[in-house]
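Participant: My questions all concern the structure below.
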Amino acid sequence: MKIGVFLLIEPFASVEVQLQRAKAMGFTCADITDTNAGGSMLGTAGFSPTVSLDDNPFEVRRMFERYGIEPTAVCAHAGLLEPSSPGTYGTAEIMKAIQFAAAIGIKDIVTTDTDPRSAWAKGLSHREQVFVMAEKLYMPVKMAGDYGVRVLLEPHGPITDSISGMQEVFDRLGHPEALGVNLDTGNSWLGGADPVEMAKTFKDKIHHVHWKDLASEWESKRGTLYGCGFSTIALGEGVIDIKGVCDVLKDCPIDSSTLEIIGDEQTLKQSVRFLRECGM
């Protein structure tokens, strides 16, 4: 398994600066971490590590290649429980991400539900949440299959943080081959699931992993938050059973994974060593 890094190493810096930092640390792969439709003011000014889904994907790939970094996934995290709106990242952006990724040989597009923000989304029943999410994913997943790529659901919201909720979305969409899982060890644990059990349940559907461990002070927040973005400690130093997840997945044909850790070079390299020691 290749172990890459999220391109948010340096705050308020462009994708190119993030790639320079990743190369200097010895990484050879990374997610396309932030994406947007149209133009981004801060991205254009070089103050945000965002990639426009309306840019030429081949130019983006060439930028990665200049630094010897392979893009392994395109992140298209959406507000799938929110009412559809041009201002909300959703179905249209995921479909653009699919075309973008497929054009330059990236296999996986990662998306999620995200915690409900609006009063409308907060008022949905569980059954309605599953339906709304599946409805917004139906055409993207069908398109992904036609393009030969995959949409991966990441634990990051009230549906995806639950093993049963994730299963319900798969059931509603008919378990297409183009739909899989991006296991996030930190998000799943924080949302109340057992990452080891999630790995066991979706072992054949997990195609990418976001690695993070969390310290003991997060235990009181478990089951109350949907996603924490990043961890600040090295893998193996926290309360999450990262080794248990590795024991489940180490024989799976998962090509790539990503460290979601905000830390110095030593913290990142220590995390890579830990994963290697666990058989990844």
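Participant: Name the residue that is farthest from C278 (Cα to Cα), counting only residues in the stretch 14-32 that are surrounded by 18 or more Cβ atoms within 10 Å (Cβ to Cβ) and among the hydrophobic types (A, V, I, L, M, F, W, C).
Facilitator: Checking each candidate, the answer is V15.
Participant: With respect to the numbered conditions (1) out of contact with any Asp or Glu (no Cβ under 9 Å at 6 or more places or on another chain); (2) in a loop (DSSP other than H, G, I, E, B); (3) among the acidic types (D, E), which one is the sole condition not fulfilled by D213?
Facilitator: (1)
Participant: Name the single residue, out of those in the stretch 224-247 being among the hydrophobic types (A, V, I, L, M, F, W, C), buried (at least 19 other Cβ atoms within 10 Å of the Cβ) and touching a residue at least 40 places away in the same chain (Cβ under 8 Å), that is farthest from R273 (Cα to Cα). I'd like the intermediate steps shown before the answer.
Facilitator: Start the filter on the stretch 224-247 by keeping residues that are among the hydrophobic types (A, V, I, L, M, F, W, C), which leaves 225, 228, 230, 233-235, 239-240, 242, 245-246.
Retained after the next criterion (residues that are buried (at least 19 other Cβ atoms within 10 Å of the Cβ)): 228, 234-235, 240, 242, 245-246.
When the remaining residues are screened for being touching a residue at least 40 places away in the same chain (Cβ under 8 Å), the result is 228, 234-235, 240, 242, 245.
Working: C228: 23, A234: 10, L235: 9, I240: 17, I242: 13, V245: 16 Å.
Filtering the stretch 224-247 for residues that are among the hydrophobic types (A, V, I, L, M, F, W, C), buried (at least 19 other Cβ atoms within 10 Å of the Cβ) and touching a residue at least 40 places away in the same chain (Cβ under 8 Å), the one farthest from R273 (Cα to Cα) comes out as C228.
Participant: Specify which of the listed residues (G157, G87) is over 19 Å from the mean Cα position of the chain (by Cα), farther than 15 Å from V74 by Cα and not in a helix (DSSP H, G or I). Show your work before the answer.
Facilitator: On the way: G157 fails: over 19 Å from the mean Cα position of the chain (by Cα).
Unique residue meeting the criteria: G87.
Participant: So if I check each of A199, A178, A215, A193, which one is under 24 Å from A121 (Cα atoms) and surrounded by fewer than 24 Cβ atoms within 10 Å (Cβ to Cβ)? Working first, answer last.
Facilitator: Working: A199 fails: under 24 Å from A121 (Cα atoms); A178 fails: under 24 Å from A121 (Cα atoms); A215 fails: under 24 Å from A121 (Cα atoms).
The match here is A193.
Participant: Can you tell me which residue in the stretch 253-280 is surrounded by the fewest Cβ atoms within 10 Å (Cβ to Cβ), limited to those that are of a type in the set (A, V, I, L, M) and part of a strand (DSSP E or B)?
Facilitator: Only one residue fits best here, namely I261.
Participant: Also, I was wondering about something else. For residues that are of a type in the set (D, E) and touching a Leu at 6+ places or on another chain (Cβ under 9 Å), scanning just the stretch 136-161, find the one that is farthest from I106 (Cα to Cα). Give the steps one after another, and end with the answer.
Facilitator: Narrowing the stretch 136-161 to residues of a type in the set (D, E): 146, 154, 161.
From what's left, touching a Leu at 6+ places or on another chain (Cβ under 9 Å): 154, 161.
Working: E154: 17, D161: 25 Å.
Taking the candidates together, the pick is D161.
Participant: From the list G238, G244, which one is in contact with a Phe, Trp or Tyr (Cβ under 9 Å, 6 or more places away or on another chain), closer than 20 Å to I261 by Cα, of a type outside the set (V, I, T) and not in a strand (DSSP E or B)? Write out each step before concluding.
Facilitator: Numbers: G244 fails: in contact with a Phe, Trp or Tyr (Cβ under 9 Å, 6 or more places away or on another chain).
None of the others qualify; the one that does is G238.
Computed from the coordinates by the stated procedures, all read-outs in this text should not be read as laboratory data. Because the structure is predicted, anything quoted here is derived from the model rather than measured. Glycine gets a Cβ as well: all are built from the backbone with ideal geometry, and neighbour counts include every protein chain shown.
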